[in-house]
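Asks: Mind having a look at this structure? Questions to follow.
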Amino acid sequence: MGNYLVTGAAGFIGSALARQLLGAGHAVTTIDNLSTGIEAHIPEGCHKLIGNTFDSAVLQKLNSERFDAIYHIAGQSGGIISFEDPIYDLNSNAASTLLLLDYARKTGCPRFIYASSMSVYGDENPCPITEQSSLKPKSFYAVGKMASENYMRIYTKFGIKCTALRFNNVYGPGQNLDNMRQGMVSIFVAQAIRNHAIHVLGPKERFRDFVYIEDVVRALLLSEKGQEPEPFNVYNVATNIKTTVEELINEIQKNLPSPVPVRYEGSTPGDQFGIYCSYEHIKECLHWKPAVSLREGICQMMQWATQNEARAQTLVINPTE
C-alpha cells in the first residue's frame, strides 16, 4: 500500500481525497491550519499535523518521511480574500508549494500533484479554454497559483514528476456552508436554506464551469498513476459546459420546497466574468471525463445540505444528542 501526504484534509477537496486513499488501504498524513477547514472533517485514520504548510517548523515534524506522492490541496482558496491579505495569500498558495517541493526533493518523493485553478486564465481568452490559452490572472490568488505551477516546472529537474490540475468551480456534499466568501455553489445553497433568499454579487449573466467533487477526486487519483512522458503536466478539470449564475440558481430552486427571492447587487474585486474549459487534454492523457451532470450534482448537494442543516438544528434543540 502507498504512503501519501494530502495537505488540507480538513477542507472540502482534501478530506474527500484523503477518505478515498484511506479507504483503499493507503497511509495518509495531512497538514492543515484549520483556517477554513474543520478538524472533525479529517478522516479517521489520517495522521494529522495542525499548522501552516508554509511553516518550515511544521514540515520538520514530518521527520523526513518519504511519501509516494504529495497532494498539495491546502491553500487560501478565494480570489476575494486574496485582496484583503496578499502576503498571507502568497505564503499560503506559493511559498507553501516551494517548501513542499523542496521537501519532496530532499526525501526522494517521486510525484507532486497540485490543486491549481482556472483563475490563472483571467478573462481575455475565448471559451472553451484549453491548457494552451494565455495566462492573465486578475487576483493575487491566481498569481499565486500560476507561480506554484512554475515552481513545479523547475523542480522536475530534480526528478519529481509534477502535475497541476486547474480546477474549475468544484461543488458537492461536504462543502463548507459556513464560509460565505468562497465557493459559489455553497454560498448560494447556504443562503437559500438558511436565509430563504439569495444575494448575488454580480450580474446573472456571469458564467462558470461547475465540476462535481467525485469527479475531481477521480482526476486527482488518476494524476498520480499517469504515465505521460513529460515530467510536468497541466490539465483542466472541467465539464466544457457554460452555466450562467441564473441557470445555477434555477437548478438550486428546483430542489427547494418553494422558490426563494434572488437579488443581484454589488460586485467582487478580481472576479472573472465568465469561463468554461475544455477537458480534452486530460481525457486524452488520463482517460478522465466528468461523470456527474450539474442537475444530478446539485440534487445530491441539496439533499446533503438539507439533511445537514436539519441535523444541526436538532443538536441545538437537544444538545445531549
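The values are calculated or read from the model by the stated rules, or taken from the named source; none is laboratory data. Since the structure is predicted, the reported quantities are computational estimates derived from the model, not experimental observations. Note that each Cβ is placed from the backbone with ideal geometry, even for glycine, and that neighbours are counted across all protein chains shown. Surface accessibility is based on the protein's heavy atoms, side chains included, excluding ligands, DNA and RNA. Shrake-Rupley method; radii C 1.70, N 1.55, O 1.52, S 1.80 Å.
Asks: Evaluate the range 187-204: report whether one residue or more is part of a strand (DSSP E or B) and buried (at least 19 other Cβ atoms within 10 Å of the Cβ).
Replies: Among the residues of the range 187-204, at least one is part of a strand (DSSP E or B) and buried (at least 19 other Cβ atoms within 10 Å of the Cβ), which makes the answer yes.
Asks: Mind checking which pairs have a first residue in the range 132-161 that is in contact (Cβ under 8 Å) with a residue 24 or more places away in the chain and closer than 27 Å to residue 105 by Cα and a second that is surrounded by fewer than 21 Cβ atoms within 10 Å (Cβ to Cβ) and of a type in the set (Val, Ile, Thr), Cβ under 7 Å, 6 or more apart or different chains?
Replies: Here the result reads 149/234, each pair linking the range 132-161 to a residue that is surrounded by fewer than 21 Cβ atoms within 10 Å (Cβ to Cβ) and of a type in the set (Val, Ile, Thr).
Asks: Kindly list the number of the only condition in (1) farther than 27 Å from residue 122 by Cβ; (2) open to solvent by 60 Å² or more (accessible area, probe 1.4 Å); (3) touching a helix residue (DSSP H, G or I) at 6+ places or on another chain (Cβ under 7 Å); (4) modelled with pLDDT of 95 or more that fails for residue 289.
Replies: (1)
Asks: Right, residue 282: over 25 Å from residue 131 (Cα atoms) and surrounded by 17 or more Cβ atoms within 10 Å (Cβ to Cβ) or not?
Replies: no
Asks: Still on this structure: Just to verify a result, which residue in the range 274-287, among those that are touching a strand residue (DSSP E or B) at 6+ places or on another chain (Cβ under 8 Å) and part of a loop (DSSP other than H, G, I, E, B), is nearest to residue 235 (Cα to Cα)?
Replies: 279
Asks: Can you name every residue in the range 175-214 that is at pLDDT 95 or above and at positive phi?
Replies: 196
Asks: Please determine, by comparing only the residues of the range 58-73 that are touching a strand residue (DSSP E or B) at 6+ places or on another chain (Cβ under 6 Å) and in contact (Cβ under 8 Å) with a residue 40 or more places away in the chain, which one is most open to solvent (accessible area, probe 1.4 Å).
Replies: 68
Asks: Moving to a separate point now. In the range 76-118, what count of residues is obtained for those that are open to solvent by 10 Å² or more (accessible area, probe 1.4 Å), part of a helix (DSSP H, G or I) and within 26 Å of residue 208 (Cα to Cα)?
Replies: Qualifying residue count, the range 76-118: 8.
Asks: Next question, about the same structure. So which residues in the range 248-260 are open to solvent by 20 Å² or more (accessible area, probe 1.4 Å), more than 12 Å from residue 193 (Cα to Cα) and either among the polar types (S, T, N, Q) or touching a strand residue (DSSP E or B) at 6+ places or on another chain (Cβ under 8 Å) (or both)?
Replies: 250
Asks: Hand me the list of strands (runs of 3 or more DSSP E) wholly inside the range 1-74 holding 3 or more residues that are under 13 Å from residue 100 (Cα atoms).
Replies: It comes to 3-7, 69-72.
Asks: Kindly indicate the residue of the range 131-165 that is in contact with a strand residue (DSSP E or B) (Cβ under 7 Å, 6 or more places away or on another chain) and assigned to a loop (DSSP other than H, G, I, E, B) and also farthest from residue 206 (Cα to Cα) among those meeting that condition.
Replies: Ranking the qualifying residues of the range 131-165, first place goes to 160.
For (1) in contact with a helix residue (DSSP H, G or I) (Cβ under 9 Å, 6 or more places away or on another chain); (2) of a type in the set (Phe, Trp, Tyr); (3) open to solvent by 10 Å² or more (accessible area, probe 1.4 Å), each residue gets a yes or a no:
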residue	(1), (2), (3)
9	yes, no, no
22	no, no, yes
25	no, no, yes
28	yes, no, no
37	yes, no, yes
40	no, no, yes
43	yes, no, yes
52	yes, no, yes
56	yes, no, yes
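Asks: Might you check whether a residue that is out of contact with any Asp or Glu (no Cβ under 7 Å at 6 or more places or on another chain), open to solvent by 30 Å² or more (accessible area, probe 1.4 Å) and in contact (Cβ under 8 Å) with a residue 24 or more places away in the chain occurs anywhere in the range 164-171?
Replies: No, the conditions are met nowhere in the range 164-171.
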